[in-house]
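Structure, as structure tokens:
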Amino acid sequence: MKRTEQLSKLSNSTNNEWDVIIIGGGSSGLGAAVDAATRGYKTILFEAHDFAKATSSRSTKLLHGGVRYLAQGDIALVKEALRERGLLEKNASHLAKKQVFVIPNYKWIDGPFYTIGLKIYDMLSKKLSLGKSEHINKKKTLEMLPTVEPKGLHGGVIYYDGQFDDSRMAVNLAQTAVDHGGAIINYMKVTGLLKDNENQICGVKVKDEIHGTEYEVKGKVVLNATGVFTNEILNMNDPNHKKTVVPSQGIHLVLDKSFLPGDNALMIPKTSDGRVLFAVPWHNRLVVGTTDVLVENPSLEPRALEKEIEFVLATASQYLTKKPTRADVLSIYAGQRPLAAPDKDGGSTKEVSRNHKILVSDTGLLSIIGGKWTTFRQMAEDFIDKAITIGKIPSRPCKTVNLSIHGNIPAEQVDRSKHDYIYGSDIPEIKKLEQENPEFAEKLHPSHAYTKAEVVWAVRKEMAEKVEDVLARRVRLLFVDARASIDCAQSVAEIMAKELGYDNDWVTKEVQEFKELAKGYLLVNY
């Protein structure tokens, strides 16, 4: 997956019409690209920045049915998410895995209450169940969660959900779409919509943010999958449209594994203000979150509010014997969920489920809002099916239910004791790079296992164009240890410059930009 090759597909097709044009390279857009490409449609996707730059790299790293939706009585939504969770564990075994969760019980009623609820959760997952929920005593709870607060503890409830690496999944989806003939291009900003004489959308104007070249691209249908930025594309279509997306911010603190040793995750179903709190092992760190705060405007780099930081630290301290402080935070990241605004008028908005909606504008623009990572495949199927239903493209069946995502290998072959398991079937190629050039086998940072070969691979095969692309979304160092990512920015920039043919000025600029960005992931000054 090289950007130059993807650009050549665009240049060679200037006078040709694409079947499907997708705006947005997050989970919704990439899922739609995979769905469309595998059905055989001529498909192209444009992402204004890097894949999963916004919401889709900032999740809690869970593939889950949604225990809280079950509590709200939304059985259909939970069933859909549990099915998709099970499919992902098979279709992307190198990234998706079973995660054991323990809910500690500090009231005697919590044991039977959560056990019964989670038995229903298990039942709804049917053949795709990851394991059976069960009630455990205090001793077993403390064995599974060694640092959970023992005072007042009655016992616990075990249940099973899924866990994954979000931006790695995004990269693999992009590769999957390319593997099936799709064209996927990052740093390609849609600047306008093309309309025919009947005021129907027939394409897009795009600008290459790296080289400055502008294109007009024709297509049978244009799909808007821009998440929290959906309103921007809708504004291009109709400046008077009503607001359709309300951003809700959530933050996560990343801590050392010593705050919760072992492989089990902690789940607090109801905190002091009614939110759910997770503490989940991820890449040999502990991800703790999340919050839920409505914000006025969407942002590419949202920043945690002080009240969010205080809430997560205080709640984690309430349930852990080792109390985290600001100085313990290795990285902090914020993401914004694209919540669907209430649709009071009905009309053109098609509510597929409470979790995602597909809107059809009078001009034929299709937009998808809401949703979450777990259900991206089903969302994509609904999205393409809608384009078929309104007559934009000919009918063809969905092919993604049992489709292997790029990198997929049998679950029993995945060795999670090694940091590079996320590459799946591409591991031998990266090892080959290290063998052919011993320098590539060197570590990027003495405290982390990532190697220089992974930077080279990210540039050559995963369309990484900036230092941030590598350190934030290809090897995840910014998210697991922001200080370490700053320390190795210079060497990453130098490797990339050599691969991409850039000069020292580019290196200096990239390092400076990345360091400024990374400071926002630190709670204590670097």
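The values are calculated or read from the model by the stated rules, or taken from the named source; none is laboratory data. Just so you know, these numbers come straight off a predicted model, no measurement behind them. Methodologically, a virtual Cβ is constructed for each residue, glycine included, from the backbone with ideal geometry; neighbour enumeration extends over all protein chains shown. Side chains are part of the model used for accessible areas, which takes the heavy atoms of the whole protein and leaves out ligands, DNA and RNA. Shrake-Rupley method; radii C 1.70, N 1.55, O 1.52, S 1.80 Å.
Taking amide hydrogens as placed 1.01 Å from N in the peptide plane, the amide H of Met188 sits under 5 Å from those of Glu47, Ala48, His49, Glu209, each at least 5 positions away in sequence or on another chain. The alpha carbon centroids of region 130-209 and region 63-95 are separated by 12 Å.
The 3J(HN,Hα) values that the Karplus relation (6.51, -1.76, 1.60; θ = phi - 60°) gives for region 444-455 are, in residue order, 6, 8, x, 8, 9, 7, 4, 10, 5, 4, 5, 5 Hz. Gly and Pro appear as x.
Net charge within 13 Å of Val287 by Cβ-Cβ distance, Lys/Arg positive one each and Asp/Glu negative one each, not counting Val287 itself? With Lys, Arg at +1 and Asp, Glu at -1, the net is +1.
Would you work out what percent of the accessible area of region 360-507, with all protein chains in place, is carbon or sulfur (probe 1.4 Å)? Its accessible area is 47 percent carbon and sulfur atoms.
Inter-label distance, Ile390 to Leu500: 3.6 nm, where each label sits 7 Å from its Cα along the C-beta direction.
Using the average count of surrounding beta-carbon atoms within 10 Å as a protection proxy, the listed peptides 358-368, 493-503 rank, highest first, as 358-368, 493-503. In the complete set of protein chains, residue-level accessible area for Cys202 is approximately 30 Å², probe 1.4 angstrom. Taking amide H as placed 1.01 Å from N in the peptide plane, the amide H of Ala265 sits under 5 Å from that of Val100, Phe101, Val102, each at least 5 places away or on another chain. The packing ranking of peptides 463-473, 96-106, highest mean first, is 463-473, 96-106, where packing means the average number of other beta carbon atoms within 10 angstrom of each residue.
From the square roots a ≥ b ≥ c of the eigenvalues of the alpha-carbon gyration tensor of region 24-79, which class results: rounded (a/c under 1.5), prolate (a/b over b/c), or oblate? Judged from the Cα gyration tensor, region 24-79 comes out oblate (a/c at least 1.5, b/c at or above a/b). Solvent exposure of the chain amounts to 40 Å² per residue of accessible area, where only protein heavy atoms count and the probe is 1.4 Å.
Along region 386-394 the Karplus relation, 6.51 cos²θ - 1.76 cosθ + 1.60 evaluated at θ = phi - 60°, assigns HN-Hα couplings of 5, 4, 5, 4, 8, x, 7, 9, x Hz to successive residues, with x for each Gly and Pro. Cα-based radius of gyration for the chain, normalised by 2.2 N^0.38 Å, reads 0.95.
Three principal axis extents of region 148-187 based on alpha-carbon atoms, in descending order, are 57, 21, 7 Å.
Using the Karplus relation 6.51 cos²θ - 1.76 cosθ + 1.60 with θ = phi - 60°, the per-residue 3J(HN,Hα) values for region 406-420 come to 3, x, 4, 9, x, 3, 5, 8, 7, 9, 6, 6, 9, 5, 8 Hz, with x marking Gly and Pro. Looking at region 215-352, how many pairs of lysines come closer than 28 Å at the Cα, when each pair is eight or more places apart or spans two chains? Here the count comes out as 20.
Maximal additional length on extending the Asp179-Asn197 stretch stands at 2.9 nm, based on 0.36 nm per residue less the C-alpha distance. If you take all other residues with their beta carbon under 14 Å from the beta carbon of Thr508, and give Lys and Arg +1 and Asp and Glu -1, the sum is -3.
Straight Cα distances below 16 angstrom link Lys139 to the aspartates and glutamates Glu149, with same-chain residues fewer than 8 positions distant left out. Computed from the C-alpha gyration tensor, the three semi-axes of the ellipsoid equivalent to region 57-215 are 44, 18, 15 Å, from longest to shortest. The residues packed around Lys97, meaning those with a beta-carbon under 9 Å from its beta-carbon, carry a net charge of +1 if Lys and Arg are +1 and Asp and Glu are -1. Taking a ≥ b ≥ c as the square roots of the eigenvalues of the alpha carbon gyration tensor, region 245-393 is prolate, as a/c is not under 1.5 and a/b beats b/c.
Solvent-accessible area assigned to carbon and sulfur over region 1-128 amounts to 57 percent, based on a 1.4 Å probe. Helices in the chain, meaning DSSP H runs of at least 4 residues, each add -39500 (n - 2.57). Divided by all residues, the mean residue ellipticity at 222 nm is -10000 deg cm²/dmol. Using the average count of surrounding beta-carbon atoms within 10 Å as a protection proxy, the listed peptides 370-379, 433-442 rank, highest first, as 370-379, 433-442. Using a probe of 1.4 Å on the protein chains alone, the accessible area found for Glu296 is around 130 Å². Note on region 96-177: the C-alpha convex hull projects to 6.8 nm² when averaged across all orientations.
Computed on protein heavy atoms with a 1.4 Å probe, the accessible areas place Lys126, Lys515 in the order Lys126, Lys515, largest first.
Taking amide H as placed 1.01 Å from N in the peptide plane, Leu63 has its amide H under 5 Å from the amide H of Gly162, Gln163, Phe164, each at least 5 places away in sequence or on another chain. Shape class of region 434-509 from the Cα gyration tensor (axes a ≥ b ≥ c, square roots of the eigenvalues): rounded, since a/c falls below 1.5.
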